[in-house]
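The values are calculated or read from the model by the stated rules, or taken from the named source; none is laboratory data. Just so you know, these numbers come straight off a predicted model, no measurement behind them. Ideal geometry is used to build each Cβ from the backbone, glycine not excepted, and the neighbour counts take in all protein chains shown.
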Amino acid sequence: MGNSLVNSYVDTDVIIRLFTGDDEQKRKDAKALFEKVEKGTLEISVPDTVIADAVFVLSSPHLYGLPRNQIRDLLAVLLRLSNFKVENKQVVIKALDFYVDKNVDFGDAMLAVLTRASKNKLIYSYDHDFDKIEGIIRKEP
């Protein structure tokens, strides 16, 4: 196999199967896939929307209803893998912390991290959840 590294994409459902085990065969297959990523024989890329979808599915009371801190901890395992490439990886990691610590929606957490990193720190929103986050100026349009 040499030093060739295959770069592929993964869908949210594979991540969900890995963490939930609601289909044991799919969990085993997903685990084997991510073991290749961990060993460095496979590189997986995902847009940050895949992480957002995973947060939504895992947290939904109609589906898995996992607590926020458990979701962050599960996803952190993948995010620590050097061959698991995520668009805006550092933003996603910080957003997962805001999602837990500030009790805001993950999408709002992503916006909060980006806003805090911006020059003017300003976000236009009707959502008062942004008022919970230091370093952001929220204005209504």
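Quick look at the numbers
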| quantity | calculated |
| --- | --- |
| Residue selected from segment 3-17 under the condition part of a loop (DSSP other than H, G, I, E, B) and modelled with pLDDT of 90 or more, by the criterion surrounded by the most Cβ atoms within 10 Å (Cβ to Cβ) | Val10 |
| Residue among Ile51, Ile44 that is under 25 Å from Gln90 (Cβ atoms) and assigned to a strand (DSSP E or B) | Ile44 |
| Within segment 54-83, tally of residues that are in contact with a strand residue (DSSP E or B) (Cβ under 6 Å, 6 or more places away or on another chain) and part of a helix (DSSP H, G or I) | 1 |
| Those residues of segment 23-46 which are in contact (Cβ under 8 Å) with a residue 40 or more places away in the chain and either loosely packed, with under 13 Cβ neighbours inside 10 Å or charged (D, E, K, R) (or both), in sequence order | Glu38, Gly40, Glu43 |
| Leading residue by the ranking (nearest to the chain's Cα centre (by Cα)) among those in segment 85-103 that are modelled with pLDDT under 90 and on the phi < 0 side of the Ramachandran plot | Glu87 |
| Conditions (1) touching a helix residue (DSSP H, G or I) at 6+ places or on another chain (Cβ under 7 Å); (2) at pLDDT 95 or above: number failed by Val113 | (2) |
| Residue under evaluation Tyr64, criteria (1) surrounded by 14 or more Cβ atoms within 10 Å (Cβ to Cβ); (2) more than 20 Å from Ala30 (Cβ to Cβ), criterion not met | (2) |
